[in-house]
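Novice: This is the structure, below, for whatever I ask next.
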Amino acid sequence: MAEPLLDRARRAGRRLRVNGDARAHYVICGRDALAYWVVRALLATEFQTGRVRITLVVPERPSSDEPDGRDLQGVEVVRADRLDEVTFRRAGLAGADGLALLHQDDVGNMHAALCAQEVEPRLRLVVRMFNTGLANGVRQIFPDSAVLSDASMAAPAFVAAALGEVAPTHFRHGGRTLYVARRDDVRPTDVVCGVADTRDPQQVRLLPADEGVADLVIAEATGTPPGTELAARRLRRARRRRRPLTVLLRAVRSFATRKIGVAVIVLLAVIGVLGWLNGYAAHEDWADSLYLTLVTTLTGQDPNPDKSAAEQVMQVVLNLAGLALIPLITAVVVDGIVNARLALHSGRIQPERSGHVVVVGLGNVGTRVMAQLCDFGVEVVAIDKLAEPRGGTLARRLGVPLIVGDAALEETLQSASVGGCQALVVVSTDDETNLQAALIGRAVNPELQVVLRLFDGHFAERIQQAFGIGVSRSVSYLAAPSFAAALLDRAVIATIPVGRHALLVTEVSVAAGSPLDGRPLAAVGRTESVRLLAHARAGQRLDWAPDARLVIVAGDRLTVVARRAGLNALLREAAPPPPEEPVTPAPRQPEE
């Protein structure tokens, strides 16, 4: 750890020599909401102290309607479609303190990191990667680096919402394993602190003043936590019942297109009516009438001039109907074979299920959600527009049925038995498709638990209030604090999602001369903003029940759980005072 700190000190001196700017400089490269929220987190944490400079590298044109940070005040923006040495030099990467590569392209981020190394060999690097297996390779090339996956960070929140349980957040700190649970599910002696009062879903209170009213707590793991494991067992008991007749009817329904089916039904009705009239005219019983109708329609019949005029007319019309019936039968067979093969390939022919979870979108987040649900023993059915999505290989390996189709169509959701599923998790990258799928799923099953991913946070809140969709989450919002903390070389121990909010568990060091230096520990906590978990003197072990009257000294470490704004305020109070600007003496006036 000493070598990276020495590198940063050298870079700070280099900045001062080059442009006289001693502020820490961070370069962020991205094109979606994650870049926006990471910049927001950095601005809220550091910008107000005047100790940081942020350069954002974005494409020439926005890739979507979601914000990417280019319109934020106080940020230098460099527009470039390629992340190469030229772009990094334009962004002032030489001498910078950190670089965040936040594109959704693992190979592209790796290539950009190698280009950045040519410009600044000693660099704090934070890389966004879906394939965390590449993390070891990145750390070997860049010793001072952090490889993070926003999908892995956000997936537990989606899984917990789908199971109707507390997010499976576990973390280890200070020799203790802690997890988030309902107060009723843990022993009172295992409770470390209250986190939130969620009894009223419309008005969730985070970090209330009275910890006793919090039904969501952080507890020490002293055995098997109940959480999602109990939910998974409950879902396994509610496993689906196979209905062969339903499967057969669904297969028949998908055998031919609607137009051909209607044409066949109409023609058979006409033949049936004509056959009855023919039998009535010939005074035949129903069995003979059926026989004569089938023979006349399918093979024709020898003409007989001795028949009555009515019989002759019926015979001619039936022969004409037979001429139309044969091509229709051929069309039904051909169309049915093609449709059946397509239905089997796309997974639309599925057995009826109940108690499962439907995941829409097997991108980065959907793949992680699917894998974690399977780990908990929950049956999953996946839907994606692409026949080979990113998580397709993993779905086949886990035995998860993949239905290829548009989740915004009711027939696609019906193929996944959405009417009997436990939850619908909609995490594709298209807000419009996500919303349509959620509304259709709720229309099919009004009691359905819907977990909806929307990139626009304000839009998500309005949807939640207007349509009563229980949970809507932003992956970027949940993951951004960890990326910002890694860029600043501050470890976020855990992120606790509570509804649409996120609480951060982190450790804060108190600097000499900071506003907190010399104040009691009681000054750390703030109602509904910051709560102190543990305190430690420099070089000592954590005290999980510190005396609030204890005076804080420089070097103390404070473990807190806080909202984002509260943590930013605490970091500013724990930071050293900004360096004083040197006073330049006024030039002496020449004596007369």
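Novice: Using a Förster distance of 56 angstrom, determine the FRET efficiency expected from the C-beta separation of LEU409 and VAL551, and round it to 0.05. Present the calculation step by step, with values, prior to reporting the outcome.
Specialist: Values: r = 65 Å, r/R0 = 1.16.
Efficiency for this residue pair is about 0.30.
Novice: Starting at 0 and stepping by 5 Å, how many percent of the alpha carbon pairs of the range 160-217 end up in each bin?
Specialist: 4, 18, 26, 28, 16, 6, 1, 0
Novice: Spelling out what I want: for every residue of the range 106-112, take phi, set θ = phi - 60°, compute 6.51 cos²θ - 1.76 cosθ + 1.60 (Karplus), and round to whole Hz; glycine and proline get x.
Specialist: 4, 5, x, 5, 5, 5, 5
Novice: Calculate one ³J(HN,Hα) per residue across the range 515-531 by plugging θ = phi - 60° into the Karplus curve 6.51 cos²θ - 1.76 cosθ + 1.60, and present them in order as whole Hz with x for glycine and proline.
Specialist: 3J(HN,Hα) across the range 515-531, in whole Hz: x, 7, 4, x, 9, x, 4, 4, 6, 6, x, 9, 4, 6, 9, 9, 9.
Novice: Hey, another quick one. Which order, highest average first, do 78-84, 97-103 follow once you tally other Cβ atoms within 10 Å for each residue and take the mean per peptide?
Specialist: Descending packing order for the listed peptides: 97-103, 78-84.
Novice: Count the net charge of all other residues whose Cβ sits under 10 Å from the Cβ of ALA100, scoring Lys and Arg as +1 and Asp and Glu as -1.
Specialist: Neighbour charge sum, excluding ALA100 itself: +2.
Novice: Efficiency by 1/(1 + (r/R0)^6): what FRET value for ARG182 and ALA209, r their Cβ-Cβ distance, R0 = 25 Å, to the nearest 0.05?
Specialist: 0.80
Novice: How large is ³J(HN,Hα), in whole Hz, for each residue of the range 179-195 in order, when computed from phi with the Karplus curve 6.51 cos²θ - 1.76 cosθ + 1.60 and θ = phi - 60°, using x for Gly and Pro?
Specialist: 8, 9, 8, 6, 4, 5, 8, 10, 6, x, 6, 8, 6, 8, 6, x, 10
Novice: Which cross-chain or sequence-distant (5 or more) residues have an amide H under 5 Å from the amide H of VAL192, H modelled 1.01 Å from N in plane?
Specialist: Amide H neighbours of VAL192: ILE218, ALA219, GLU220.
Novice: As a test of reading the structure, rank MET110, MET153, MET370 by solvent-accessible area (1.4 Å probe, protein chains only), most first.
Specialist: Heavy-atom accessible area, descending, gives MET153, MET110, MET370.
Novice: First check a/c for the range 366-444, with a ≥ b ≥ c the square roots of the eigenvalues of its C-alpha gyration tensor; if it is under 1.5, answer rounded, and if not, answer prolate when a/b is larger than b/c or oblate otherwise.
Specialist: Note, shape of the range 366-444 comes out prolate.
Novice: Once amide H atoms are placed 1.01 Å from N in the peptide plane, what residues at a sequence separation of 5 or more from ALA24, or on another chain, have their amide H within under 5 Å of its amide H?
Specialist: VAL52, ARG53
Novice: Could you pull out every residue, at least 5 positions away or on a different chain, whose amide H is within less than 5 Å of the one on GLY363? Hs are placed 1.01 Å off N in the peptide plane, and Pro or chain starts have none.
Specialist: none
The values are calculated or read from the model by the stated rules, or taken from the named source; none is laboratory data. A quick note: this is a predicted structure, and the numbers were derived from the prediction, not measured. Neighbour counts run over all protein chains shown; Cβ positions are idealised from the backbone, glycine included. Just the protein is used for accessible areas: all its heavy atoms, side chains included, with ligands, DNA and RNA removed. Shrake-Rupley method; radii C 1.70, N 1.55, O 1.52, S 1.80 Å.
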